[in-house]
Every structure is written in C-alpha cells, then in structure tokens.
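S.K.: Could you have a look at this structure, given as structure tokens, before my questions?
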Amino acid sequence: MSLNFVLIEAWNGLRRNVSMVVSVVLVTLVSLTFVGSAVLLQLQVQSMKSFWYDKAQVAVYLCTEYSALGQCDQAEASAEQIAAVEAQLNSATLTPYIDKFYFETHDDAYANFVEQFKGSGVVDLVTPDLLPQTFWVNLKDPTQSAIIFEAVGGMSGVESVVDQRSYLEGIFSMLNAASLTAVGIAALMLVAAALLIATTIRLSAFSRRRELAIMRLVGASNWFIQTPFILEGVVAATVGSLLACGAIAGIVVFFVGGFLQSSLPTTSFIQLSDSLIVFPVLLGLGALLAATSAYVAISRYLRV
Amino acid sequence: MIRFDGVSKQYRSGNRPALHDATLQVKPGEFVFLVGASGSGKSSFLRLILREERASSGQIHVLGQDLGRLSNRKVPHYRRNLGVVFQDFRLLPTKTVFDNVAFALRVLGKSEAFIHDAVPEVLGLVGLGNKENRLPHELSGGEQQRVAIARAVVNKPAILLADEPTGNLDPTTSNGIMDVLRNINAAGTTVLMATHDTAIVNRMQKRVVELSEGRIIRDEASGSYVTTAHDIIVLDESTLQRADSQPIALEPLDFDPIPAFDPMSPTSEALDLSYLDRMRDEDPL
C-alpha cells in the first residue's frame, strides 16, 4: 500500500481542520496534565509514605507531675512503673513485633525539643520537667501499633501511647483527596477529549466525503480509507500529549523543585527523574484514546 | 458473469419490495440496458450488484462470488472488479482530469509509473487525450462524464455499471457517451446500464431488461424501449426536460403502461449522494 498517499491524506486532513485540531490539542493537553498531576501526587504520597513510615515510631509517653491523662494522677512515673513498662516491652509476647526501642529521659527530650524548635520563642517557655519521659518503639511492621496500645496503654505510669503515623494520615488523606480530584477531573476531560476527537474526525471525513465515496466505489481497502483519519487523530492527540509532558516537567521543575522545595526544605519532593515515568503513560494514553475514538468515528462513517 | 436467482430486496422503510423475485443472467461481454420508470428497481438492481445492499432473499452471483456470503471485509476487494458511472459524474472538483482518474489507482496503491502509463491511455480511449490538466468545472457535461467513465474503467474492471450516465446530457452528447460505452463493451467489458433514454435504447439495439415495480417484466435480446406519457409527466422530471427535443416512440404495448405510483418506494435516490453536494465544498467550520 502506498504509505505516501496515506500520510499526505492525513496531513491534508490536519491542515483543512486547523481550528478543530487546535481544540483537540488543547483538550488533550489539559486532560493529560490532570492525569499526570494525579500520578505525580500519588508518587509524592508514596515517596513520603516510604520516607516517613519507616521513621515513624510509637511513643509511649510516661506520666509527668503535670499530667492528669491516662493512668496518671499528677505524679511522675515511678522507677518501678518505668521498669514494668520496659519489662513488658521486653516480654516474649512483644519482642517478635518490636524492632528496637529506647528510653528518652526528660533531658534528652528537652535537648531534642531545643534542637527541633531552634530559634523559636517556645524554647524559652519549656523546661525539661514539662516534657514526658518516653519509650520510643520502632516496630518491625509499622502498621501493627495496636499491639503496643493494648500491651502498655493501660499500665500505670503511662500517660498515652501515640503512633506517629496518625499525624501523617491527615496529610496523606489530604494528598489522596487531591489526587482523586485530579483523577476525576481528568476522567471528565478525557471523555470530552474522546468526543471531540470523534467529532473532529467526523468533520474531517465529511469534508472529504467525495473522496471517501469514490474510494469505496473503486474498492480501496478499509485500512487504506481509515488510516489517514486515525493518524490525524493520533497526531493531534500526540501533540497535546507532548505539551502535557512539557507542562508536567514544568510543574515538577519550577513549582515542586523551585517553590515547594524552598518553602518546605525538610520535605523530600519528587524530582524530574521520578516523574519521567509519567511521560510514556501520557503519550500512550493520548495515542490510544485518539486512535480508539477516531477508529469508532470513521467506522460509523464507512459502514459498507 | 452476473446471475440473479429469485432475488428480492425489501427496504426496511418501504411497504413493497424494491425488487421482487428477479431472475436474470448476464453473460460476459454483454451490453444490457435496464429500463423502467423511476422506482421500478433499476437502482436497487445496481446497488445489489455493487454489494451496497444485500438481497433480502434469493442469490446473487457476480464473477463467481456469492454476494450473500461475501463478508464486509472482502467487499472492497470485490468492488475492484467493477466500474461505476453515475448521472452526476462525481468528480473531485479540486483535482485535474488526470488526478481524478489517477485517484482510483492511487487509492489502490498502484505505482506512479503504472499510473503514468494507464491514465493517458484510458483518457485517450474516452477521447480526452488533450485535456489531462483541466479541472472538472472547465469541462462540458459530456466531457465530465467521459472523465468519470475513464475513472471507472482505468482499473480494467470486468463489469461496468452505469446508472443513467446520460441523464444530465443532451442527445448529441449522449450519443458520444454511448459510443465510448460501446467501445468499452467491444473491448470485452460487460456493461450494465440503467436508463430512461428511449432514443438511446432504441438506437443501440442491445439487450433490454425492463423492470416495473421491482419485477422483471421484459427481457429481449435486441430490444427497444417505449415510455408512456405517464412516465414522463408524473415520474420523471429529467425526461420531461428533454421531451421537446425528442420524439417519443408510440407503439402498441404488451404490458400495463401505467404502473401504480408509489411515492414511498425507494428510487434512484437510494444511491444518490447529491444531498452532500448541496452542502458545498467549503470546510464545515
């Protein structure tokens, strides 16, 4: 088959339908940018999860003389109570789950606090005896913190047991909601893009209806008739996908790498190299979407 | 070559069949006129051969193929054996005469070298050897129809179908077109031509198959065609326009001259794509 003829036909179709092709490009660009953003958000959530969850510990806060919570009665946890908690953590029932744990004294806690809030006025208000003594527990499986709650939560001298992951859950659920929103918008936009591509192809077929009628009469194969239209849709959508890839790269480099990184320097953000995986997904999705909707559109037009 | 065995065609919207129990055989090299009033089933006949439609019942064999069993996928390949000419020419207005004819070969993937041999040859055959680079609107109606014929036969089809090819032409020009068709037929191509034109049918003295209300009512080896005033006034505007320039042969009839007129029946409009032409060539945006 004469490939040249097919390519020329596809090019003519694109040229004759410039305004529709531009709209296909734009809709593909926007919808795939949303798809890409959703993927990026998920990547960010995953990287933050793996970064933080491994570091997340279960804190067993012991009573201070100012605390009335839990098993405390405004009395400092006694040495016996501390020893009982430590014995419990060392017991045969808990050791299979615990990677390691260590004890943090008032002074250690104060030193960490000062380190963490260096330069902040709050440092001056805090004294070591305000900060509870703490057993920091690293679990083998961070999701099994409930075991520690059950084992030591009710012991006397224990103020509270806190899984640090619960602080993270809030952030992650917010990021997840954002990425679900992006996916939802992307889905709507992709439907719009598919319909727009189908309409464009139908218009393109309409403007070439004479050629099509003659092609069918002289017995041009369906492949030969359809391919220029499918190519036309794929080319337009691919231009949109490439622009979407550019937009995603721009977001990662300038917004995430520039703005977010400088305003939240301690957080690890995704890099351009992490987001490279998004590009083939976008290009593939764009091409597949265009080829499918163009094929459906032109097949309806060409029923024998 | 072409064989119809008890073929009926019922359109979904029609209340009577467009073709009813038609049995017919056309041998290789024959020239056959299909005559009859509008709505008599001529165009349905051609559409069935083209496999634009499937028969509702009965069997159609063309070139050894059972059209009822021909899958949609194989239809394009089958159609390469057929050439088709229409009343409204259906040329591509933006392409030259050469490119219009070459288009039929290009979409079949023929090489440019072959095209540059075949197209001038066929243009010579239809008498347009010196007009390769004209655009269709620069040609007369008769010349445009010659281009359409050239396009139909450039691929050397075994069968040429012509649906009222002289319907838009004056008698002199029509005779020129008929000479071209006769030459093509003489070269071995089977020609099947649907027409209203009594003068042409009577002059050519070829086989005549007459249809009325979807039935074959006459099949003569070397026949003539007689229309009635009823046909001209009620059924056929194009003949009416030519009525003054053309004496109408009046001979005794051996069949019912006044077929019931049925406005709902499928007519040649079934094949007609002229509604597309009304929306001119401009970009729809």
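S.K.: Only one of (1) over 39 Å from the mean Cα position of the chain (by Cα); (2) open to solvent by 60 Å² or more (accessible area, probe 1.4 Å) fails for A:D108. Which number is that?
M.R.: Condition not satisfied by A:D108: (1).
S.K.: Being under 12 Å from A:S156 (Cα atoms) and without any contact (Cβ under 8 Å) to a residue 12 or more places away in the chain is the filter here; which residues of region A:81-104 pass it?
M.R.: Answer for region A:81-104, where residues must be under 12 Å from A:S156 (Cα atoms) and without any contact (Cβ under 8 Å) to a residue 12 or more places away in the chain: just A:A83.
S.K.: Could I ask something else about it? May I ask you to list the residues in region A:37-63 that are assigned to a loop (DSSP other than H, G, I, E, B) and either at pLDDT below 85 or closer than 30 Å to A:T181 by Cα (or both)? First the steps, then the outcome.
M.R.: Narrowing region A:37-63 to residues assigned to a loop (DSSP other than H, G, I, E, B): A:56-57, A:63.
Answer for region A:37-63, where residues must be assigned to a loop (DSSP other than H, G, I, E, B) and either at pLDDT below 85 or closer than 30 Å to A:T181 by Cα (or both): A:A56, A:Q57.
S.K.: Let me confirm something: among A:F5, A:F34, which residue is part of a helix (DSSP H, G or I), more than 14 Å from every other protein chain (Cβ to nearest Cβ) and either over 30 Å from A:A192 (Cβ atoms) or open to solvent by 10 Å² or more (accessible area, probe 1.4 Å) (or both)?
M.R.: Selected residue: A:F34, the only one of A:F5, A:F34 that is part of a helix (DSSP H, G or I), more than 14 Å from every other protein chain (Cβ to nearest Cβ) and either over 30 Å from A:A192 (Cβ atoms) or open to solvent by 10 Å² or more (accessible area, probe 1.4 Å) (or both).
S.K.: Just need a number here: residues in region A:152-163 that are surrounded by fewer than 19 Cβ atoms within 10 Å (Cβ to Cβ) and in contact with a Leu (Cβ under 8 Å, 6 or more places away or on another chain).
M.R.: Matching residues across region A:152-163 total 1.
S.K.: Another question, if that's okay. Just to confirm my filter: which helices (runs of 4 or more DSSP H) fall fully inside region B:70-139 and include at least 2 residues that are small (G, A, S)?
M.R.: Counting at least 2 such residues, we get B:97-106, B:112-125.
S.K.: Quick test of your reading of the structure: B:A55 fulfils all but one of (1) more than 13 Å from chain A (Cβ to nearest Cβ); (2) open to solvent by less than 10 Å² (accessible area, probe 1.4 Å). Name the failing condition by number.
M.R.: (2)
S.K.: Moving on. Does any residue of region A:129-143 turn out to be at pLDDT 85 or above, out of contact with any Gly (no Cβ under 8 Å at 6 or more places or on another chain) and aromatic (F, W, Y)?
M.R.: Yes.
S.K.: Here is a further query. Of the residues in region A:12-31, how many are under 17 Å from A:A287 (Cα atoms) and either outside any helix (DSSP H, G or I) or away from chain B (no Cβ under 14 Å) (or both)?
M.R.: Going through region A:12-31 one residue at a time, the tally reaches 7.
Here's the yes/no breakdown for (1) farther than 21 Å from B:N175 by Cα; (2) within 14 Å of chain A (Cβ to nearest Cβ); (3) in contact with an Asp or Glu (Cβ under 6 Å, 6 or more places away or on another chain):
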{"residue": "B:S111", "(1), (2), (3)": "yes, yes, no"}
{"residue": "B:G124", "(1), (2), (3)": "no, no, no"}
{"residue": "B:A150", "(1), (2), (3)": "no, yes, no"}
{"residue": "B:V153", "(1), (2), (3)": "no, yes, no"}
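S.K.: Say whether the condition of being more than 14 Å from chain B (Cβ to nearest Cβ) and of a type outside the set (D, E, K, R) is met by at least one residue in region A:197-211. It would help to see each step written out before you state the result.
M.R.: Within region A:197-211, the first condition is being more than 14 Å from chain B (Cβ to nearest Cβ), and the residues that meet it are A:197-198.
Retained after the next criterion (residues that are of a type outside the set (D, E, K, R)): A:197-198.
Yes, that holds for at least one residue.
S.K.: Output the residues belonging to region A:72-82 that are surrounded by fewer than 18 Cβ atoms within 10 Å (Cβ to Cβ) and assigned to a loop (DSSP other than H, G, I, E, B).
M.R.: Listed by number, the residues that qualify are A:D73, A:Q74, A:A75, A:S78.
For (1) part of a loop (DSSP other than H, G, I, E, B); (2) within 14 Å of another protein chain (Cβ to nearest Cβ); (3) modelled with pLDDT of 90 or more, each residue gets a yes or a no:
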{"position": "A:I225", "(1), (2), (3)": "no, yes, no"}
{"position": "A:T238", "(1), (2), (3)": "no, no, yes"}
{"position": "A:G246", "(1), (2), (3)": "no, no, yes"}
{"position": "A:V281", "(1), (2), (3)": "no, no, yes"}
{"position": "A:R300", "(1), (2), (3)": "no, yes, no"}
{"position": "A:V304", "(1), (2), (3)": "yes, yes, no"}
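S.K.: Please give the number of the condition B:K27 fails out of (1) more than 14 Å from every other protein chain (Cβ to nearest Cβ); (2) open to solvent by 50 Å² or more (accessible area, probe 1.4 Å); (3) of a type outside the set (S, T, Y); (4) more than 19 Å from B:A162 (Cα to Cα).
M.R.: (4)
S.K.: Could you check how many residues of region A:164-217 are closer than 30 Å to A:F135 by Cβ, open to solvent by less than 70 Å² (accessible area, probe 1.4 Å) and touching a residue at least 60 places away in the same chain (Cβ under 8 Å)?
M.R.: 4
S.K.: Scan (1) touching a helix residue (DSSP H, G or I) at 6+ places or on another chain (Cβ under 6 Å); (2) not in a helix (DSSP H, G or I) for the single condition A:A291 breaks and write down its number.
M.R.: A:A291 satisfies every listed condition except (2).
S.K.: What number goes with the only condition from (1) facing chain A (nearest Cβ under 7 Å); (2) open to solvent by 50 Å² or more (accessible area, probe 1.4 Å); (3) among the hydrophobic types (A, V, I, L, M, F, W, C) that B:V84 does not pass?
M.R.: Of everything listed in (1) facing chain A (nearest Cβ under 7 Å); (2) open to solvent by 50 Å² or more (accessible area, probe 1.4 Å); (3) among the hydrophobic types (A, V, I, L, M, F, W, C), B:V84 misses just condition (2).
S.K.: Would a scan of region A:175-188 turn up a residue that is in a helix (DSSP H, G or I), within 14 Å of chain B (Cβ to nearest Cβ) and either modelled with pLDDT of 90 or more or on the phi > 0 side of the Ramachandran plot (or both)?
M.R.: no
S.K.: Let me ask something else. Against the definition (free of Cβ contacts under 8 Å to residues at least 60 places away in the same chain, part of a helix (DSSP H, G or I) and open to solvent by less than 50 Å² (accessible area, probe 1.4 Å)), how does A:G258 come out, yes or no?
M.R.: Details: free of Cβ contacts under 8 Å to residues at least 60 places away in the same chain: yes; part of a helix (DSSP H, G or I): yes; open to solvent by less than 50 Å² (accessible area, probe 1.4 Å): yes.
Against the criterion (free of Cβ contacts under 8 Å to residues at least 60 places away in the same chain, part of a helix (DSSP H, G or I) and open to solvent by less than 50 Å² (accessible area, probe 1.4 Å)), A:G258 qualifies.
S.K.: For region B:58-81, how many residues meet the condition of being without any contact (Cβ under 8 Å) to a residue 12 or more places away in the chain, at the interface with chain A (Cβ under 7 Å from one of its Cβ atoms) and open to solvent by less than 40 Å² (accessible area, probe 1.4 Å)?
M.R.: 1
S.K.: Right, something else. Being more than 15 Å from B:A194 (Cα to Cα) and out of contact with any helix residue (DSSP H, G or I) (no Cβ under 9 Å at 6 or more places or on another chain) narrows it down to one residue among B:P120, B:P93, B:P28; which is it?
M.R.: Checking each option against the conditions leaves just B:P28.
S.K.: To continue, here is another question. Looking at region A:228-239, is at least one residue open to solvent by less than 60 Å² (accessible area, probe 1.4 Å) and of a type in the set (D, E, K, R)?
M.R.: For region A:228-239, residues open to solvent by less than 60 Å² (accessible area, probe 1.4 Å) and of a type in the set (D, E, K, R): present.
S.K.: Looking at A:L231, A:L276, A:L264, can you tell me which residue is farther than 30 Å from A:A194 by Cα and either in contact with an Asp or Glu (Cβ under 6 Å, 6 or more places away or on another chain) or in the same structural domain as A:L32 (by TED's automatic domain parsing) (or both)?
M.R.: After ruling out the rest, the residue left standing is A:L264.
The values are calculated or read from the model by the stated rules, or taken from the named source; none is laboratory data. Just so it is clear, the structure is predicted and the values come from calculations on it, not from any experiment. Note that we place each Cβ from the backbone using ideal geometry, even for glycine, and neighbour counts take in every protein chain shown. Ligands, DNA and RNA are excluded from the accessible area calculation, which covers all protein heavy atoms including side chains. Shrake-Rupley method; radii C 1.70, N 1.55, O 1.52, S 1.80 Å.
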